[in-house]
1. Answer with yes or no whether ALA68 is loosely packed, with under 11 Cβ neighbours inside 10 Å, more than 30 Å from TRP131 (Cα to Cα) and at pLDDT 90 or above.
2. For a quick check of your reading of the model, give me the residue pairs whose first member lies in the stretch 90-114 and is at positive phi, whose second is surrounded by fewer than 21 Cβ atoms within 10 Å (Cβ to Cβ), with beta-carbon atoms closer than 8 Å and at least 6 apart or on different chains.
3. Among the numbered criteria (1) part of a loop (DSSP other than H, G, I, E, B); (2) modelled with pLDDT of 90 or more, which single criterion is violated by THR89?
Amino acid sequence: MTYHVARNSQQIGTYPKEELINLYNAGMIFPTDLVWTEGMANWEAASKVFGAPAASSAPPPLSPPMAAAPIQSAPPKPNNNLVGAILVTLFCCWPLGIPSIVFAAQVDGKYNKGDYAGAEESARKSRVFMWWSLGLGLVGIFAAFGFGFMGALMEHRGY
């Protein structure tokens, strides 16, 4: 037989009769708590259904100490690449450098909130945009010097 138990107008659990009697005798279910089971017309006080709690001659057994939950150590904070992002924005390719700065700025905030995966992902995106910016900037610089050299060479030869 299963009993429903309520305290302060809120149901706190459903228990088999034997377990409920043990909880009642141990003081976990109060005499003023209401109980109901199939066949009862209304909710009744536990003391009315089960009588006075049984007196215990021996103290209740000590429960084993609760093991502390293992503390999850945070992984090391990923490099946010902010310095590199700023440098490539200033000296190479600013259209790709700006997203690199934005992602770099997100790393510390996500890490401090405990979003370690998000911090890693932002660091990765910052690094990708930084390297693309550097690569395109270097290609542009070499192209500019190459075209300048070719123009000077052609002008010198009289073309």
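1. On the way: loosely packed, with under 11 Cβ neighbours inside 10 Å: yes; more than 30 Å from TRP131 (Cα to Cα): yes; at pLDDT 90 or above: no.
For ALA68, the condition - loosely packed, with under 11 Cβ neighbours inside 10 Å, more than 30 Å from TRP131 (Cα to Cα) and at pLDDT 90 or above - is not met.
2. Short answer, once both residue conditions are applied: GLY114/ALA74.
3. (1)
Residue-wise test of (1) at pLDDT 90 or above; (2) assigned to a loop (DSSP other than H, G, I, E, B).
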site: HIS4; (1), (2): yes, no
site: THR14; (1), (2): yes, no
site: ILE21; (1), (2): no, no
site: TYR24; (1), (2): no, no
site: GLY27; (1), (2): no, yes
site: VAL35; (1), (2): yes, no
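The values are calculated or read from the model by the stated rules, or taken from the named source; none is laboratory data. For clarity, every value in this text was computed on a predicted model and none was experimentally measured. Please note: Cβ atoms are built from the backbone with ideal geometry, for glycine as well, and neighbour counts cover all protein chains shown.
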